[in-house]
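The values are calculated or read from the model by the stated rules, or taken from the named source; none is laboratory data. These figures come from a predicted structure and were not determined experimentally. So basically every Cβ, Gly included, is an ideal-geometry build from the backbone, and we count neighbours across all protein chains shown. In case anyone asks, the SASA skips ligands and DNA or RNA and just uses the protein heavy atoms, side chains included. Shrake-Rupley method; radii C 1.70, N 1.55, O 1.52, S 1.80 Å.
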Amino acid sequence: MKAVVEAIQASALMPVEQALDQLLALADAAPLREVQTVALAEAQGRVLATDLVASLDLPPWPNSAMDGYALRMADWQGQPLPVSQRIFAGHAPQPLQPGTCARIFTGAPVPQGADCVEMQENAVLGDDGRVTFLQALSPQQNIRPQGQETRKGEQVMAAGTRLGPIELGLAATLGHGHLDVVRKVRVAVLSTGDELVEPGLPLGPGQIYNSNRQLLLSWLLRLGCDVVDAGILPDDLARTRACLADLRDVDLILSTGGVSVGEADYLGAALREAGELALWKLAIKPGKPLTFGHFQGVPVIGLPGNPASTLVTFGLLARPYLLRRQGVAAVTPLSFPMPAGFDWPKPGNRREYLRARIEQGQVRIYKNQSSGVLRSAVWAEGLVEVLEGTTPKQGDSVRFIPFSELLG
Ligand code: AMP
Ligand code: MG
């Protein structure tokens with residue numbers, strides 16, 4: 001990517017949608033092309049690289065939806081019918097003998113010549129081994145026809161589908177032992193700040209524990225990324241430059257901290273030297289400042305350092321970018337309207353994402369929405385969106401995005 005973007009706008013804040021559109025356009029311009037063929041058991045969380053086409057009809061033959069009796073309707077005139085065969089799932093039946101019925105079990109192939117199945121609850125087996133049917137029959141009842149679910153040659157999943165338990169179950173139903181998937185996206189995680197110490201080590205004066213590293217490493221693994229832990233980077237330009245230069249073989253460098261307004265911005269300085277930098281002031285709270293650039297061709301996203309800002313900007317902006325790099329089409333988290341269980345009297349010029357949870361059919365917000373407070377997000381079940389310039393009151397409709405939609 002050649003274009004040099006230097007967009008430091010003093011006043012105008014970039015709307016969240018615009019930032020997302022730009023990031024997705026950048027992702028679309030740099031798709032991962034390598035395809036790997038992996039066993040179904042290894043495909044969890046991967047992204048389908050090619051359309052999946054059914055190689056057979058589903059079901060492959062007409063089968064019984066019930067435990068009961070298969071018969072030809074025309075043979076049933078009110079007289080009991082003898083049972084000429086028993087058909088279990090997994091066994092091939094004989095053609096149905098005229099004037100008889102077949103005992104049949106769920107999932108077993110319907111014998112040639114039968115045109116309906118009656119469930120055993122509506123049939124009486126007499127002492128003489130003959131069956132009487134208690135209710136009127138209708139053609140094809142309780143028969144799952146061949147190809148009802150899927151026809152051979154039909155596309156059942158498009159390239160770009162993320163493979164979870166349900167998708168893998170469908171691939172298995174169709175007999176695919178292996179799938180073509182996009183290679184994993186490789187992401188380096190970098191925490192910047194002189195104040196940071198890894199958990200488990202003693203804290204010195206003025207120091208805090210590094211929470212973003214763990215937050216992002218765990219999150220990226222859940223998103224199916226290959227993760228490179230680039231550790232803590234001190235606030236120093238030469239070290240920043242050297243560190244970025246070391247991370248040449250990743251698809252994205254994801255950094256946190258050092259992008260706040262007013263702070264010496266070493267990440268920004270290093271990217272500016274390398275020629276490509278965009279500094280965005282987003283209309284989002286928490287998380288106003290966000291950096292995008294390239295260092296020697298490697299994309300870099302710099303998220304704000306406050307843990308709740310990291311959470312919100314990663315979830316709403318970096319996550320969709322990473323999914324799109326792998327070709328995922330559907331990157332928008334599902335959200336739904338809920339009645340507000342709070343008053344928001346002061347309209348903001350940034351879109352707020354409040355840590356919130358659902359109680360008694362309403363969205364309640366955590367009492368402290370400071371961007372440094374990760375505890376708010378542990379209490380919460382998701383984010384509630386308060387649009388720019390709005391003042392929702394108790395009972396007004398607000399949009400809720402569950403964490404479950406963002407974390408996987
Ligand atoms: P910065 O963007 O570097 O100015 O950081 C903003 C705030 O987030 C400061 O209070 C930092 O100490 C804090 N912060 C930055 N990075 C981390 C991190 N990795 N873990 C916890 N807090 C952080
Ligand atoms: Mg910092």
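Counting only protein heavy atoms and a 1.4 Å probe, region 184-335 has 36 square angstrom of accessible area per residue.
How many angstrom separate the Cα center of region 280-334 from the Cα center of region 343-408? For region 280-334 versus region 343-408, the Cα centre distance is 19 Å.
For region 63-144, report the % of Cα-Cα distances exceeding 22 Å.
On the way: 335 of 3321 pairs.
For region 63-144, the share of Cα pairs beyond 22 Å comes to 10 percent.
Packing order of peptides 338-344, 282-288, highest average first: 282-288, 338-344 (average count of other Cβ atoms within 10 Å over each peptide's residues).
If we count every other residue with Cβ under 14 angstrom of G408's Cβ, Lys/Arg +1 and Asp/Glu -1, where does the sum land? Walk me through the intermediate numbers first.
Values: positive: R46, R162, R222, R319; negative: E167, E405.
Neighbourhood net charge equals +2.
Would you grab the residues whose amide H sits under 5 Å from the one on I104? Only those 5+ places off in sequence or on another chain, please, with H modelled 1.01 Å from N. Amide H neighbours of I104, under 5 Å, 5+ apart: G68, Y69, A70, I87. Cross-link partners of K152 among lysines, defined as those whose alpha carbon lies under 27 angstrom from its own and excluding same-chain residues fewer than eight positions apart, are absent.
Go through 101-109, 87-95, 353-361, 241-249 and give me the packing order, highest mean Cβ count within 10 Å leading.
On the way: 101-109: 22.0, 87-95: 13.2, 353-361: 18.3, 241-249: 16.2.
My ranking of the peptides, most packed first, is 101-109, 353-361, 241-249, 87-95.
Based on the reciprocal of the average 1/r between different C-alpha atoms, the Kirkwood radius for the chain equals 25.4 Å.
Ligands, DNA and RNA aside, Y366 has an accessible area near 20 Å² when probed at 1.4 Å.
For region 336-407, with all protein chains in place and a probe radius of 1.4 Å, 52% of the accessible heavy-atom surface sits on carbon or sulfur.
Among residues other than M73 whose Cβ falls under 11 Å from its Cβ, what is the net charge (Lys/Arg +1, Asp/Glu -1)? Please report the intermediate quantities before stating the final value.
Values: positive: R72; negative: D75, D115, E118.
That sum, taken over residues with Cβ under 11 Å, equals -2.
Based on the convex hull around the alpha carbon atoms, region 132-218 presents an average projected area of 13.5 nm².
Percent of accessible area on region 63-144 owned by carbon and sulfur, 1.4 Å probe? Intermediate results must be reported in sequence, preceding the final value.
Numbers: 2130 of 4200 Å².
Solvent-exposed carbon and sulfur of region 63-144 make up 51 percent of the total.
Note on D229 and L40: their simple-model spin labels are 3.5 nm apart, each label 7 Å out from Cα toward Cβ.
Solvent exposure of region 336-407, expressed per residue, is 51 Å² of accessible area, with all protein chains present and a 1.4 angstrom probe. Each stretch of four or more DSSP H residues adds -39500 (n - 2.57); spread over every residue of the chain, this sum gives -5000 deg cm²/dmol at 222 nm.
Report the charge-dipole magnitude of region 95-161 in Debye, nearest 20, computed about the Cα centre from +1 at each Lys and Arg Cβ and -1 at each Asp and Glu Cβ. With Lys and Arg at +1 and Asp and Glu at -1, about 260 debye. When peptides 217-227, 179-189 are ranked by their average number of other Cβ atoms within 10 Å per residue, the highest-first order is 179-189, 217-227.
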